[in-house]
Structures are given as structure tokens and as C-alpha cells.
Amino acid sequence: MAERNVSQSHFKVVSRNSLLSFFSLITILFMMSWFFILRSTRPEDNPSSIDRSSLPDSNQFSTLNTDSPLGNRAILGDSQDLEPKKIHVTKKPLPNDNDDTNDFGKCSSKPRTSGKKNVLKIFMYDLPSEFHFGLLDWKEEGNNGVWPDIRTKLPHYPGGLNVQHSIEYWLTLDLLASEQLPESSDSRTAIRVHNSSEADVILVPFFSSLSYNRFSRTDPHEKRSNNKALQEKLVKFVMEQMEWKRSGGRDHVILAHHPNSMLDARSKLWPATFILSDFGRYPPNIANVEKDVIAPYKHVVECYENDSSSFGSRTTLLYFQGAIYRKDGGHVRQELFYLLKEEKDVHFSFGSAQKGGVKDAAAGMRSSKFCLNIAGDTPSSNRLFDAIASHCVPVIISDEIELPYEDVLDYTEFCIFVRTRDALKKRFLIDFIRSISEDEWSRMWKRLKEVEKFYEFQFPSKEDDAVQMIWQAVARKASLMRLKTNKSRRFFRSVYGSNLGNVRVNSMSTPKNFW
């Protein structure tokens, strides 16, 4: 009996030791396996696990460079800071004829695959002349149809302040030139096509700014102005077209540069891409920076050719001449006037385009180091582009401003931005401007001379002038237009059949989250 108990006790000890050894072995193997697994997943020990050549260089996306001698005065600290912080920026190169890259910060988009330029194909409606050149008192002649023969004579565009919103005139002339003057096609950014199915975008050539400027007043015997009547006729014409029905207007481009143009039609034609001066008088569901294109004003002062001025030769530190008392956001002008009027090297006075005002403004800007661009009735004004043409470094005080081509052009290289709340602090603005060194100003002045061509409207258009830069901006929106158009068609085929050309997409209602 005793032997049996001893034997059972011995068996229990052996079993316990065996189990302990087994579990110890399992634990060691488990830990070793995890060690090897973790080691094999470390990227520095397994170069093949990540294709590092496919990763972007972090410097490609960096705009900060503390080694740069140019202080980016455009970015201020919090409004509680009395001294603005210096943040340095990398100066981005201008595009040249041998550069076919399309990196961020370049001033034009060029195809990566070859040296041949991608050309935007535009289908332009043959609207009756009353919508475009007829507004310039041009009469249709012979068998030329609704368009003038620009090989012989250009319809005259009125001068004065009308010209600052004349982009519709220059863009339409450029498309006509693409077929009437084919010898200049090598440098073109956009061409007209007559088959809408081949087009990237559809242009509605209504001279809306000119219509507002010349025909928005109602005569005593009229119930509505000619401008309103034209907009009603335009909406009816456009929405009856097969191209509009096919896309719901999402691939259409409408010129509405004057802030008050298209006031009646915009709520019906909102799916289209508008070319605007700013968004000051548009609700965000009608126009916004994602959908639409901001274009420059045509400056009214002459270009400053052969400018050899220097920091010392420009004797006025800060210049502003224009309307001081404005509605909406324009109260800032009045407050700044009282803050700056006693400064000896500051010119801040009332002025207009009448009685030599443009000539005086040009002379004043050319003799000034910095030119104020302050929000008025709307966030933007032609004064910015007059300053660029005069090589006077713009000081922009307009928190809601949107700028042309800003997706490819860095304005902080040649403009200074100051928040409104900072500018209205006593002595903040003048002390800030005085702190900018001669070297910083000289670099910005040189950059102004490099970029001024992007804001020049001319006929025939030239490479990277304002006309071609606007077409390039439209081209960058074209893929988004196609995306929205294609998404809008998803269910029409199953519900309405395959004849999409006869499907009318409802665009009369108020837009909700369309973009």
C-alpha cells in the first residue's frame, strides 16, 4: 500500500515537471516568433517593404525655408502680437520654354509627357450678336454670320472704367482668332471647336459686364432694362440647348466679371463655371472658389516700361488714391485714412478716374515703394493690378479677397498681406511697413517685373499673358466639370433610357450641396 502511494506521488511530480517544461518551451517559442515577426516588419531592416522612390520628397511640399534671405512679411502673427513674426519663403522659379514640369508653385501648367502644349478645346455658342459685339454697336455684315471678321477690323471697346471688366471681349477675340488667324496657333492655350462632343468646355459668350455698364438703367417708358431682358433671353436660349441638357450646365463657362453682372440669371445658371473678379456679391451656393475662376481686372494705368527705379528713388513710402468712403466693407478705408493722413511719407487722398485721375495715379504709384489695396464695396479692386503694372509692391488689406491663378502663383513673393484687425491698430501698419528692409523690397520689386505679363490683356494674345492664364485656369477646372457631369448621369440611363441628349437636368431650383 505504501509502495502504491509512493509510486502515485512520484508520477504526479514527473507529470508536473513535464507540463512545466512544455509550457516553458511553448512560451519561449512564442516570444521568439514575435521577435522575428517584429524585426521583419521594421522598414529600416526591410528596404523592399516600401518603394521609397515612389514617395514624394518632403521638400516638394515645403514653402518654408529659414535659410532664405527674403522675409515673408505676408504672414503675420496673432493679432495680439505687436511685432509681426518673420517667416522665410523659398523663391519659386518662373517657368521657361525648356521647362515642361507641372510642380506646385509654377506660374503655368505644362504637360509632363512631351514638349507639346495641351490645348483647351472650347465649343462656343453662336449667340446672336445682341449678346456680344452688338453691344459695341457692331453690325452683322454679309455672310459673316454673328461674328466679326477680326482679320480686317476689331470692334472698338469703350475706354474709361468700362475697360477694367473687359475680359469677355479679350477671351472671345482669342477664340475667334484661333480659327480666323491660324498662323498664330502654335502658342495657343485654347482653340474653338464646332463639335460640342469634342469640347472640354462650353462657352457662353455673353458680354455681361458691358451689358450691365451700358444697359442696366431703365428708361422712363420701359418696365425693365435691356440688361434684364438680355439675361432672360440668355437663360431661355442656353437651357434649350442640347449641350446644357446633357450636362445640366456643369461643363459650361459664363463670363460675369463685373460684380453686378448676371444678377438675374446667376440663380438659374449656377451649375456653370463663372469667371469672376471676386465672390463679394455671390452666395457660396451660387459661386465659390472650388467651382469658379477668378480673373484679373484689366489695369487702367499704362505699363511701366524700362523701369530702372530703386528703393531710394521712390520717395513715397505708402500710396493710396481713390474713393475713401465706401459701403459694405469699405469702412476700413475711412479708418485707415484717419490713421495715416498725418504721416509725412504717406500719400492717402481722394481720387477718381475723372480729370486726369488715372494719369495722376500712375505717376503716384511709380514714385511709391508700397501701394495700398484696401477692400471697398467688394473684396477686390482694379487698384491691385494698377500697382502690379506700376511695380509698386501691393499691400493687401482685404480678408476675403480671392486672387487670380493663386493655385499656381505665390502672391507672397510680391505682395504683402495684412489682416484688417491688425491694420486698424494704432501705428501697427505704418511701423510694419517701415520695418521692411531695402533688400526685401528690391526682391519683391524684381518679382513684380517678372509676373506683370500674367495680367496683360492684348490681341493677339501671347504666351502666359492674362488671356492664356485665364484659359489655363479654366483648363484646371475641366476635370472637376467632367467629374460632376459624369456623376450626375449615373441614374439617368436606367430611368430615362440611353438618349441622354434629351434629358433635361433640373437647374432651376436653389442649389443645395451641388459642389
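The values are calculated or read from the model by the stated rules, or taken from the named source; none is laboratory data. Worth saying up front: this structure is predicted, and the values here are computed from it rather than measured. When we count neighbours, we look across all protein chains shown, and the Cβ atoms used for this are built from the backbone with ideal geometry, even at glycine.
Taking the condition of being surrounded by fewer than 17 Cβ atoms within 10 Å (Cβ to Cβ) and within 24 Å of Val163 (Cβ to Cβ), how many residues in region 226-263 meet it?
1
So, in region 182-201, exactly how many residues are outside any loop (DSSP other than H, G, I, E, B) and either touching a residue at least 12 places away in the same chain (Cβ under 8 Å) or surrounded by 13 or more Cβ atoms within 10 Å (Cβ to Cβ) (or both)?
The number of residues fulfilling the criteria is 9.
Considering only region 141-158, I want to know if a residue exists there that is assigned to a strand (DSSP E or B), of a type outside the set (A, V, I, L, M) and either in contact with a helix residue (DSSP H, G or I) (Cβ under 6 Å, 6 or more places away or on another chain) or modelled with pLDDT of 65 or more (or both).
Taking every residue of region 141-158 in turn, none turns out to be assigned to a strand (DSSP E or B), of a type outside the set (A, V, I, L, M) and either in contact with a helix residue (DSSP H, G or I) (Cβ under 6 Å, 6 or more places away or on another chain) or modelled with pLDDT of 65 or more (or both).
Going by the conditions given, is His165 touching a helix residue (DSSP H, G or I) at 6+ places or on another chain (Cβ under 7 Å) and buried (at least 19 other Cβ atoms within 10 Å of the Cβ)?
Considered against the rule, which asks whether it is touching a helix residue (DSSP H, G or I) at 6+ places or on another chain (Cβ under 7 Å) and buried (at least 19 other Cβ atoms within 10 Å of the Cβ), His165 comes out as yes.
Any residue at all in region 207-216 that is modelled with pLDDT under 95, aromatic (Phe, Trp, Tyr) and touching a Leu at 6+ places or on another chain (Cβ under 9 Å)?
So far as region 207-216 goes, yes, one or more of its residues are modelled with pLDDT under 95, aromatic (Phe, Trp, Tyr) and touching a Leu at 6+ places or on another chain (Cβ under 9 Å).
How about region 297-412: which strands (runs of 3 or more DSSP E) wholly inside it have at least 2 residues that are of a type in the set (A, V, I, L, M, F, W, C) and under 21 Å from Tyr282 (Cβ atoms)?
none
Restricting attention to region 297-328, which residues are of a type in the set (Gly, Ala, Ser) and under 26 Å from the mean Cα position of the chain (by Cα)?
Passing the criteria: only Gly322.
How many of the residues making up region 218-261 are under 27 Å from the mean Cα position of the chain (by Cα) and acidic (Asp, Glu)?
Summing the residues that are under 27 Å from the mean Cα position of the chain (by Cα) and acidic (Asp, Glu) in region 218-261 gives 2.
Checking the structure you have, find out if any residue of region 207-229 is more than 23 Å from Val358 (Cβ to Cβ) and in contact with a strand residue (DSSP E or B) (Cβ under 7 Å, 6 or more places away or on another chain).
For region 207-229, residues more than 23 Å from Val358 (Cβ to Cβ) and in contact with a strand residue (DSSP E or B) (Cβ under 7 Å, 6 or more places away or on another chain): present.
Where residues in region 268-321 are touching a Gly at 6+ places or on another chain (Cβ under 6 Å) and within 30 Å of Lys359 (Cα to Cα), which of them is surrounded by the fewest Cβ atoms within 10 Å (Cβ to Cβ)?
Gln321
What do you reckon, is Glu179 in the same structural domain as Leu483 (by TED's automatic domain parsing) and either free of Cβ contacts under 8 Å to residues at least 60 places away in the same chain or under 13 Å from Pro460 (Cα atoms) (or both)?
So Glu179 passes the test.
Anything in region 99-120 that is at pLDDT 60 or above and either assigned to a loop (DSSP other than H, G, I, E, B) or surrounded by fewer than 17 Cβ atoms within 10 Å (Cβ to Cβ) (or both)? List them, or say none.
Lys117, Asn118, Val119
Being modelled with pLDDT of 85 or more and either surrounded by 15 or more Cβ atoms within 10 Å (Cβ to Cβ) or among the small types (Gly, Ala, Ser) (or both) is the filter here, so list the residues in region 342-359 that pass it.
The answer is Glu343, Val346, His347, Phe348, Ser349, Val358.
Restricting to region 205-231, give me the number of residues that are touching a Phe, Trp or Tyr at 6+ places or on another chain (Cβ under 6 Å) and under 29 Å from Asp464 (Cβ atoms).
So the answer is 1.
Using the structure shown, decide if Ser509 is exposed (fewer than 14 other Cβ atoms within 10 Å of the Cβ), over 23 Å from the mean Cα position of the chain (by Cα), outside the structural domain of Val289 (by TED's automatic domain parsing) and at pLDDT 90 or above.
Against the criterion (exposed (fewer than 14 other Cβ atoms within 10 Å of the Cβ), over 23 Å from the mean Cα position of the chain (by Cα), outside the structural domain of Val289 (by TED's automatic domain parsing) and at pLDDT 90 or above), Ser509 does not qualify.
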